[in-house]
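In what follows, a single structure is set out as structure tokens and then discussed.
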Amino acid sequence: MRILGLETSCDETGVAIYDTEQGLLAEALYSQVEVHAEYGGVVPELASRDHVRKALPLIQQVMDEAGLTADQIDGIAYTSGPGLVGALMVGAAVGRSLAYAWQVPAVGVHHMEGHLLAPMLEANPPAFPFVALLVSGGHTQLVRVDAIGEYKLLGESLDDAAGEAFDKAAKMLDLDYPGGPRIAELAKRGDKTRFKFPRPMTDRPGLDFSFSGLKTFTLNTVAKFAEADGLPDDQTCADIACAFEEAVVATLVIKCRRALQQEDLKTLVIAGGVSANARLREDLEAALGKFDAKVRYARPEYCTDNGAMIAYAGAQRLVAGQSDGLALTVTPRWDMETLPPLLSHGDKI
Ligand code: KG4
Ligand code: ZN
């Protein structure tokens with residue numbers, strides 16, 4: 001089965017074609033970062049308009065790249081939530097209309113299920129069951145995964161998501177959006193020993209997270225060392241970035257280890273934009289290696305938003321006979337635990 005996948009939940013237009021026999025055939029990604037740069041964050045209305053401009057040209061591009069014509073596509077997958085409602089509507093409307101015209105089934109994909117399954121696109125994919133750490137701009141969740149569609153939420157952030165915390169800390173240091181990669185870059189020059197930032201909620205039991213206190217601590221440290229231009233000197237900025245990254249990573253590592261122990265599992269999958277973070281990967285590998293557990297992740301470009309993960313996740317559901325009807329719905333807030341398990345071919349949902 002050959003599936004065209006569309007991702008438009010936020011500020012990236014992602015398109016890909018996934019073949020269940022041959023793997024990925026073509027993909028394209030357009031980032032709106034420059035559209036939103038002057039506003040310091042994503043402007044929903046501008047995001048929708050830009051998806052409208054880019055969706056069809058990118059679809060044409062991947063079809064050409066794969067050397068396919070419309071009659072060679074067997075199904076379409078589009079992100080139907082969670083995300084920005086207008087942005088989701090663009091992908092859903094374009095995807096569903098193409099499926100209608102091409103007479104193939106279409107399915108709405110949960111964006112976080114897309115992230116969660118992205119490591120399956122790599123050679124040697126992780127086997128179920130495992131614990132997943134989903135860390136993106138909007139979510140920080142620990143989930144027990146027994147199969148596709150069989151998810152149990154173990155813990156989540158009570159306030160900011162990890163990626164959001166990176167973006168806000170970056171703003172305090174006058175770094176551009178998205179802040180995660182910028183903080184990581186700056187942190188490389190930082191002195192690890194200069195500051196020790198708090199590791200929120202690690203000294204009590206449970207698997208929930210909270211990053212708002214760490215955000216305030218970062219803001220106060222920046223203010224304490226600020227010079228006439230409102231920023232600390234370059235080295236202090238790097239030291240703060242380093243301490244901030246260290247605190248987020250250490251917090252995530254502690255909770256991941258705890259989740260694996262609680263569930264008595266030995267595989268951790270990390271997914272979502274923050275899972276591209278090199279320090280997170282290294283520190284998890286070191287910490288989990290000590291008790292024979294393994295961490296698995298996708299290549300960096302499949303950690304952040306992309307069309308490939310949506311094509312892959314949609315393909316799993318379409319192959320199992322699941323699809324959505326002509327009356328479009330998108331779900332801007334959507335609990336992953338409510339997703340149905342995969343059914344065998346022919347079963348009705
Ligand atoms: O998954 P994603 O592309 O979009 C959402 O679904 O939100 O995640 C984007 C988030 C942003 O907050 C960005 O700052 C963060 O992932 N991010 C990183 C890194 N790369 C992206 N955070 C830390 N280190 C990175 N290398
Ligand atoms: Zn995402």
Flag if Tyr39 is in a strand (DSSP E or B) and under 30 Å from Lys168 (Cα atoms): no
Selection count, region 241-265, where residues are open to solvent by 30 Å² or more (accessible area, probe 1.4 Å) and outside any helix (DSSP H, G or I): 1
Unmet requirement for Val85, which otherwise passes all of (1) open to solvent by 60 Å² or more (accessible area, probe 1.4 Å); (2) away from ligand 2 (no atom under 16 Å from the Cβ); (3) modelled with pLDDT of 95 or more: (2)
Residue match in region 274-288 (condition: part of a loop (DSSP other than H, G, I, E, B) and either among the hydroxyl-bearing types (Ser, Thr, Tyr) or on the phi > 0 side of the Ramachandran plot (or both)): no
Region 128-152: number of residues that are part of a strand (DSSP E or B), within 16 Å of ligand 2 (Cβ to nearest atom) and open to solvent by 10 Å² or more (accessible area, probe 1.4 Å): 1
In region 91-116, the residues that are touching a Pro at 6+ places or on another chain (Cβ under 9 Å) and either assigned to a strand (DSSP E or B) or within 16 Å of ligand 1 (Cβ to nearest atom) (or both): His110, His111, Met112
Given (1) within 30 Å of Asp239 (Cβ to Cβ); (2) within 16 Å of ligand 1 (Cβ to nearest atom); (3) at pLDDT 95 or above, index of the condition Pro178 fails: (3)
Every pair of residues 6+ apart whose Cβ atoms lie under 6 Å, when the first sits in region 261-275 and is polar (S, T, N, Q) while the second is open to solvent by less than 30 Å² (accessible area, probe 1.4 Å): Thr267/Pro126; Thr267/Phe130; Ser275/Val135; Ser275/Cys303
Filter pass, Met63 being in a helix (DSSP H, G or I), open to solvent by 30 Å² or more (accessible area, probe 1.4 Å) and in contact with a helix residue (DSSP H, G or I) (Cβ under 9 Å, 6 or more places away or on another chain): no
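The values are calculated or read from the model by the stated rules, or taken from the named source; none is laboratory data. Every value quoted in this text rests on a predicted model; they were computed, and no experiment measured them. All Cβ positions, glycine included, derive from the backbone under ideal geometry; neighbour counts span all protein chains shown. Just the protein is used for accessible areas: all its heavy atoms, side chains included, with ligands, DNA and RNA removed. Shrake-Rupley method; radii C 1.70, N 1.55, O 1.52, S 1.80 Å.
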